[in-house]
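The values are calculated or read from the model by the stated rules, or taken from the named source; none is laboratory data. Values in this document were obtained by computation on a predicted structure and should not be read as measured data. Because the Cβ atoms are built from the backbone with ideal geometry, glycine has one as well, and the counts that use them run over all protein chains shown.
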Amino acid sequence: MKKLNSALFLSLLLSPLCAFAQAGALDSVLARTDAGLAADFYRAAQNMPAFGVPAPVGIGSDERYSDTPAAEYLPLNKKAVYEYEYTSSEFTGVKAVRVEFMAYSEAAKTVQVNMIIFNKTKPKVSNFVMTADASGIRSSDSPLAGARLEIPFPLVYNQVWNEGYDRNRVAALNAKAVVPAGAYNGCLKIVSKLGGGDAGSAERYYAPGVGLVYEQITAEESQQTLKLVSYQLK
């Protein structure tokens, strides 16, 4: 069998395998190789840079896990005012939405909510309630979607539940949302398939200690978006 010359042999081995040579993994192979070529290889390997293995990614950066208690994604017991910008393909410009958490009942785990959608003419005012029970946090109304289960209990990554014809899923527990009010880390992300997916899709983000910061609904013929502009505790 014809032997490889020294230069060719080194070019084939050094680039992909020098790390293994430094670790001794090729010793058994080189022991059966021409002694002169093996010596050349070891001398060249000494001048090659060492390679390290990257550290594993910490579990805290994984969107499947969170240390945040479920109720903290939408605190009902804080008197707060949320200001949102509301855009839609059904009208031009931007509307302002103000949501205020009013009186909270510890016994009933219920908060009274006042909502105002500012139009160019007469503002639309409505009042509704949010209640926490064993099934989760449920709202009798919302700026874009009406009554719904806001957050399911217990809160588990990839949890799925149906409301009417809509299919909802916990898509992330450590997501990031960037809105006019700022950048929020560690957010709960919920995605929905409207009408099982035939009528469109939706997604919403809840920031820990704050609440709903972003929501978008993309239906068959329209799109609506809600972004938090400011948040203030009273």
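Okay, residues lined up against (1) surrounded by 15 or more Cβ atoms within 10 Å (Cβ to Cβ); (2) acidic (D, E); (3) modelled with pLDDT of 55 or more:
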site: A21; (1), (2), (3): yes, no, no
site: A25; (1), (2), (3): no, no, no
site: N47; (1), (2), (3): no, no, yes
site: V53; (1), (2), (3): no, no, no
site: Y65; (1), (2), (3): no, no, yes
site: T87; (1), (2), (3): yes, no, yes
site: G93; (1), (2), (3): no, no, yes
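Among the residues of the range 199-218, the one identified as within 16 Å of Q159 (Cα to Cα) and free of Cβ contacts under 8 Å to residues at least 24 places away in the same chain is R204. Selection of the range 78-98 for residues being basic (K, R) and either part of a loop (DSSP other than H, G, I, E, B) or touching a residue at least 40 places away in the same chain (Cβ under 8 Å) (or both) yields K78, K79. Of the residues that make up the range 178-188, is at least one modelled with pLDDT under 95, more than 14 Å from the chain's Cα centre (by Cα) and surrounded by fewer than 19 Cβ atoms within 10 Å (Cβ to Cβ)? No, there is no match, as no residue in the range 178-188 is modelled with pLDDT under 95, more than 14 Å from the chain's Cα centre (by Cα) and surrounded by fewer than 19 Cβ atoms within 10 Å (Cβ to Cβ). Here the range 189-201 is the region considered, the condition is being among the aliphatic types (A, V, I, L, M) and closer than 12 Å to T218 by Cβ, and the residue that is surrounded by the most Cβ atoms within 10 Å (Cβ to Cβ) is L194. The residue that is surrounded by the most Cβ atoms within 10 Å (Cβ to Cβ), among those in the range 71-85 that are touching a strand residue (DSSP E or B) at 6+ places or on another chain (Cβ under 6 Å) and hydrophobic (A, V, I, L, M, F, W, C), is L74.
From the list A219, A199, the lone residue that is at pLDDT below 95, of a type in the set (A, V, I, L, M) and closer than 23 Å to K95 by Cα is A219.
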